[in-house]
Amino acid sequence: MSSKFKKHECGLHLVDDARPSYGGRRGHASGAACEVAKFRAWKPREIARLSAGARVIDHSGDLALAAAEIIGADLMVHEHMLLVGVDERNRIVAVADGSSHERDLCAFRLIDALAALFSEGGGSKVAATFMAHNHPRGTPHPSEDDVRSTKNVVCRFRAAPLLDHVIVWMDGHGKIGHYTMGEDQPRVFVAPSC
């Protein structure tokens, strides 16, 4: 069974875990079908290779640095969605990296992201999570779908609180920018009316 959905606008799209495909929201034009993101769990040795400043997340800039390093050369090519697990001291212990290999969107299933996050050895140490994704075209602000997906993740996943969701991009001069949906200091997201 194919895991395809139709493109209709930019952003993150949280796909219902029970459905094999996603056809978009009513009222939006549909485009070509593309795959739902496949998630890859980072191994502990890959996490250890992150720069020292990217291994501990004390504020949104740290998360942006870690996300840019994890996404790497794809930062301006494909949209990625990351779930980053941290321990009680905000040290990165688990990473789930997913991409649907599209420039303007990343459709994902929360269950796939969580399975990848908790599949490696560090998953048992996850005390809190961070979400991050990139905007390859360099747009700094979240789309309606980015905001909606963040709220849905907060409402559906309560085992390890979501502390922030950061959007990362690179400007035309090679500088990395970020937009935080939380505050500069990590805090537990409270989604209204789950």
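The values are calculated or read from the model by the stated rules, or taken from the named source; none is laboratory data. All of these numbers come straight from a predicted model, not from anything done at the bench. No Cβ is skipped: glycine too gets one built from the backbone with ideal geometry, and neighbour counts run over all protein chains shown.
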Quick check on the stretch 82-105. Is at least one of its residues farther than 11 Å from Phe39 by Cα, at pLDDT below 85 and of a type in the set (A, V, I, L, M)?
yes
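So which residues in the stretch 52-89 are more than 17 Å from Asn134 (Cα to Cα) and either surrounded by fewer than 19 Cβ atoms within 10 Å (Cβ to Cβ) or hydrophobic (A, V, I, L, M, F, W, C) (or both), if there are any at all? Quick ask: steps written out before the conclusion?
Step one: filter the stretch 52-89 for residues more than 17 Å from Asn134 (Cα to Cα), giving 52-53, 55-59, 85-89.
Listed by number, the residues that qualify are Ala52, Gly53, Val56, Ile57, Asp58, His59, Val86, Asp87, Glu88, Arg89.
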Of everything in the stretch 152-179, what is under 16 Å from Ala54 (Cα atoms), buried (at least 17 other Cβ atoms within 10 Å of the Cβ) and β-branched (Val, Ile, Thr)? Give them in sequence order.
Val166, Ile167, Val168
Within the stretch 29-43, does at least one residue satisfy the condition of being among the small types (Gly, Ala, Ser) and modelled with pLDDT of 85 or more?
yes
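Looking at Glu79, is it within 19 Å of Thr180 (Cα to Cα) and in contact with a Pro (Cβ under 7 Å, 6 or more places away or on another chain)? Spell out how you get there, then give the answer.
On the way: within 19 Å of Thr180 (Cα to Cα): yes; in contact with a Pro (Cβ under 7 Å, 6 or more places away or on another chain): yes.
Judged against the criteria, Glu79 is a match.
Among the residues of the stretch 152-164, count how many are of a type outside the set (Phe, Trp, Tyr) and assigned to a loop (DSSP other than H, G, I, E, B). Please lay out each step first, then the result.
Looking only at the stretch 152-164, we keep the residues that are of a type outside the set (Phe, Trp, Tyr), and these are 152-156, 158-164.
Filter once more, so that each one left must be assigned to a loop (DSSP other than H, G, I, E, B): 158-161.
Summing the residues that are of a type outside the set (Phe, Trp, Tyr) and assigned to a loop (DSSP other than H, G, I, E, B) in the stretch 152-164 gives 4.
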